[in-house]
Each structure stands twice: as C-alpha cells, then as structure tokens.
Amino acid sequence: MAFAPPPTDQECLDAFHAKQNHPTISGAAASIGVTVSQVKHRANLCVERGLDTGQAKAPDAPKGAPVDVVERHRLSSEIARLKALCQNLTERLSAAEEHRSSILGLPVSPAEPSPHPKSKRSSKKHSAQAVVLHLSDLHVGEVVNREEVMGVNEYSLDVAEKRIGRLFSAASVLMTSAWPASDDAPAKVCVLLGGDLISGHGLHPEHAETDAGTAYQQTKWAAEYISAGVLRLHLDLVERFGRPVPIEMISVVGNHGRDTFGKPRTKLVSIQSYDTLVSDFVEAALKQYKTITHYRPRGFDAYFDVVGWPCLLTHGDRMGSGGGTGFIGPMASIVKGHRKIIDTEHRQRRPVYRVFSGHFHTTGVTSFGFSNGSGVSYGEFAKSIRADPEPAQQNLVVFHERLGVIRWHPIAMGAPEEGSLYQPGGGLVMPDLSGSRA
C-alpha cells in the first residue's frame, strides 16, 4: 500500500489562505483542487507549523523541505500549553459565576458601582446627606493571644462576632437617635466591604497553626456577622424614619483572603479571593430586601458616588506607595498612596473626591481621603515590627451634597475585658480636679 507524502509548507499555506478567503469550506477546496478534508487537514498543519504567523519559506525554497523537527515540536508544545491555560482560566471564571446563579440564586454578573453627574441642589427643605460605613481588615478567624502581646489586646472568633455587633450598634445609634433632629433621613448608606474580611491561609502559613477554622469556615462566619449587622441597621433606620433608607453595599478584595500563594496576583483578582465569596454570601442572605443593593467590580478598585461626590474604595495594598513605615509610621505610605490614586485616576478622566483605604490597620484622615483601622487590632505581627498599638475601630463618614464631608466618626469596637488597650486610663494616674477649688 502506497502512502502519500505529507503536505508541503506551501500547500498548507495555500489551504489556510483559501479557507480564510472563501465563505464555505467547499468553495475553498474547489479553488485549489483538493477535497474538503484535505483543506481542513492542511489548514490545521499550517497553524501547527506556525506558517500563519509569517514563518513560511521563501517561494524559491525547494518543495517538500521539512520544517526543523525541534522547532516544530517547540511551537506545538507552546500552542498546547496556551490552549490548556486558557481553558483552565475560562473554567475557573465560569465556576466563579456559576455559584452565584445556581447555588445562591443571584444574577450571574454582579452589578458594578458607578458615579453619576453631580446634580443641582435639591429643591427640598433639607440638603441630601449620605453615610459611608467602612469595614475592612476584620480578619475573622484570626486568633491573637493576650499573653503574646503583654495583655494589650486579644482576638478570637467570639471577639470578632462581638466587635462587629458593636460596630453596627454604634453606627445605628449615630444614624438614628444621634442623627440631628433637624435633618432629613440619610439619602443612602454606603457600607464598604474593603477587603481582608477573613484571616485566610494564603498569606502567612503560621496562621494555620492558630486560626479558628478553615478559610471556607471563616468566609461563612464573616458573612453571617456582617449580614446580621446590616439587617439590624436596615430595621433601625425603618423604625426611626418610618421608611427604608437605601443601603448600598460595595465590595473590593484584600490580600489576606486570596487562595493563591506567593505575591498577590494582578489577573482575575476578584474571583480568586474569599472576600468575593463573603460579599456573595451577604448578598444572598439579604436578597429579599430590595432597598439593600450590592455592587462588586471585577478589579480591585470600586469607583462610586456619594450624593454627587465621586469616591474610590481600594483595600490599600495596591496603592503603589510601598510598605515602609519609618519613624512617621504607616501614615507616610497612606498619604503617598492616596495622592498617587488621585493623580492616576485624574489622568484616566475619573475625578476622585475622597479615597477610602485600609490594609495598614491605621485610622487617619489625609487631604485626599480616609484610612481605616481594623477589627483585629494589635497582634503578634504588629508587636514584632513595633507598630502603633491602635485599638479596633472603623470609620463612619457623613457627606453633604453641597458641602462634601461634614462629619467623621471613628467607631470603637473593643471592650475593657478584651485588653488594656480598651480600659479607661489603663491603670495610669489621672488628673483629679474635683478638689482644686476651696
């Protein structure tokens, strides 16, 4: 039985071009005088040999001269590797979207936040105001042993639940009984989920030795505590103002919740983080409340609107400001990062009035935004680098549609039984003015 020699590079290239230039495969076969199966076979060989990228031989090359076997094998292996990588990424993306629709009953694609043109002053008696409650660095699942930080602080799953409850309780008071009686109800409340909501296992392997539960369990617990707090806030606002106040939940990812080892990735960031899963679980738990809406961008920044003022939420580990502290502390990196965000966003035609960031576990106000504290507070790692022992606290900011930021309230989350950091006076000798006057 005689075997036909393999097609030459020129024959493969002719078949490839014929297939591209004719609307039907039969027309391509007729144009070069071969069968349909031969056109398909030769076109595929053209791709495998890399001839479609301009690597065909010159016209005067002897017919039938084979491509170097080693080079052909290398190109074929590279094509196979890239196809496998593309398929793997597509499957991961599909799986991340599938759990929203089939398991949680949510839309496949989460809504993304977007700013709106600044409206003219309202004709109402009161100008619109909105509240931003920033949650970040809760580290649910992390354990801080009081003995290892000399009695300053402690943290556990039970403490995390209590601190998140105190946070929403205080926020509820500030928006109801402590809200100025002369003001109308807030136009909306933006609850920011700013990343590092769980401790995770991808960042510090030593956490696996002391943390409570696995990353999956921590995700469930964090979603449960946050959902309960948001629901309480919703019900308290209804009781105070006689109608629901819109609550917008905006979520970005941090660096603790990632499921990839090594340095944080820049590709497919949101679908590789447990923070995304926390956000989806919270959305599923509260989906029956139509005035509670949920937004999550594909990237690691969220650009959103607060009564006409454009703001940006980011975790804080991707501000391009470095991580050094020096004598001035983390605020040096925070100020530099906020300024850099303002500049780079402006060059992308996105003005930013205020930046909301976390990551550094440092509460502060810069000329460009707000740096958030943490729920875990002072731990073993913070003590090892001699960081400032800041108590557990989170930011609450009130915006006015005409005046911008009008109030800033860092909300304390700790209790005296959780360490000397939360005890009034901390055992110090305090001034007593009761007997200063005769």
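The values are calculated or read from the model by the stated rules, or taken from the named source; none is laboratory data. As the structure is a computational prediction, the values presented were derived from the model and not from experiment. As a convention, Cβ positions derive from the backbone with ideal geometry for all residues, glycine included, and neighbour counts pool all protein chains shown.
Would the stretch 28-36 turn up any residue that is modelled with pLDDT under 80 and either closer than 30 Å to residue 280 by Cα or not in a helix (DSSP H, G or I) (or both)?
no
What is the number of the single condition among (1) surrounded by fewer than 17 Cβ atoms within 10 Å (Cβ to Cβ); (2) among the aliphatic types (A, V, I, L, M); (3) closer than 19 Å to residue 105 by Cα that residue 268 does not meet?
All conditions pass for residue 268, except number (3).
Are any residues in the stretch 417-431 hydrophobic (A, V, I, L, M, F, W, C), exposed (fewer than 15 other Cβ atoms within 10 Å of the Cβ) and closer than 24 Å to residue 171 by Cβ, and if so, which ones? Explain how you work it out, then say what you get.
Pass one, the stretch 417-431, residues hydrophobic (A, V, I, L, M, F, W, C): 421, 428-430.
Imposing the further condition that a residue be exposed (fewer than 15 other Cβ atoms within 10 Å of the Cβ) reduces the set to 428-430.
None; the set is empty.
Going by what's in this entry, would residue 169 be described as out of contact with any Ser or Thr (no Cβ under 9 Å at 6 or more places or on another chain) and either modelled with pLDDT of 95 or more or among the β-branched types (Val, Ile, Thr) (or both)?
Numbers: out of contact with any Ser or Thr (no Cβ under 9 Å at 6 or more places or on another chain): yes; either modelled with pLDDT of 95 or more or among the β-branched types (Val, Ile, Thr) (or both): yes.
Yes, satisfied.
The rows are residues; the columns are (1) free of Cβ contacts under 8 Å to residues at least 60 places away in the same chain; (2) assigned to a helix (DSSP H, G or I); (3) of a type in the set (Gly, Ala, Ser); (4) not assigned by TED's automatic domain parsing to the domain that holds residue 186.
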residue	(1), (2), (3), (4)
254	no, no, yes, no
266	yes, no, no, no
281	no, yes, no, no
290	yes, no, no, no
293	no, no, no, no
299	yes, no, yes, no
302	no, no, yes, no
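On the basis of being touching a residue at least 60 places away in the same chain (Cβ under 8 Å) and β-branched (Val, Ile, Thr), does residue 355 make the cut? Break it down stepwise before answering.
Numbers: touching a residue at least 60 places away in the same chain (Cβ under 8 Å): no; β-branched (Val, Ile, Thr): yes.
In short, no.
Can you work out which of the residues in the stretch 331-347 that are under 16 Å from residue 313 (Cβ atoms) and not small (Gly, Ala, Ser) is surrounded by the fewest Cβ atoms within 10 Å (Cβ to Cβ)?
If we filter the stretch 331-347 for residues that are under 16 Å from residue 313 (Cβ atoms), which is where we start, we get 334, 337-338, 340-342, 344-345.
Those left that are additionally not small (Gly, Ala, Ser): 334, 338, 340-342, 344-345.
Working: 334: 26, 338: 27, 340: 15, 341: 22, 342: 20, 344: 13, 345: 17.
By that ranking, first place goes to 344.
Being without any contact (Cβ under 8 Å) to a residue 12 or more places away in the chain and either in the same structural domain as residue 317 (by TED's automatic domain parsing) or of a type in the set (Val, Ile, Thr) (or both): is that true of residue 191 here?
Working: without any contact (Cβ under 8 Å) to a residue 12 or more places away in the chain: no; either in the same structural domain as residue 317 (by TED's automatic domain parsing) or of a type in the set (Val, Ile, Thr) (or both): yes.
So residue 191 fails the test.
Taking the stated definitions as given, is residue 152 touching a residue at least 40 places away in the same chain (Cβ under 8 Å) and assigned to a loop (DSSP other than H, G, I, E, B)? Walk me through how you get there before you give the answer.
Details: touching a residue at least 40 places away in the same chain (Cβ under 8 Å): yes; assigned to a loop (DSSP other than H, G, I, E, B): yes.
Answer is yes for this residue.
So if I check each of 437, 402, 350, 386, which one is at pLDDT below 95, basic (Lys, Arg), surrounded by fewer than 17 Cβ atoms within 10 Å (Cβ to Cβ) and closer than 21 Å to residue 250 by Cα?
Values: 437 fails: closer than 21 Å to residue 250 by Cα; 402 fails: closer than 21 Å to residue 250 by Cα; 386 fails: closer than 21 Å to residue 250 by Cα.
Just one listed residue meets the conditions, 350.
Which residue, of 358, 369, 414, is among the small types (Gly, Ala, Ser), surrounded by 13 or more Cβ atoms within 10 Å (Cβ to Cβ) and at pLDDT 95 or above?
Numbers: 358 fails: at pLDDT 95 or above; 414 fails: at pLDDT 95 or above.
Among 358, 369, 414, only 369 is among the small types (Gly, Ala, Ser), surrounded by 13 or more Cβ atoms within 10 Å (Cβ to Cβ) and at pLDDT 95 or above.
(1) farther than 27 Å from residue 126 by Cβ; (2) touching a Cys at 6+ places or on another chain (Cβ under 7 Å); (3) of a type in the set (A, V, I, L, M, F, W, C): which one isn't true of residue 428, the others all being true?
For residue 428, the failing item is (2).
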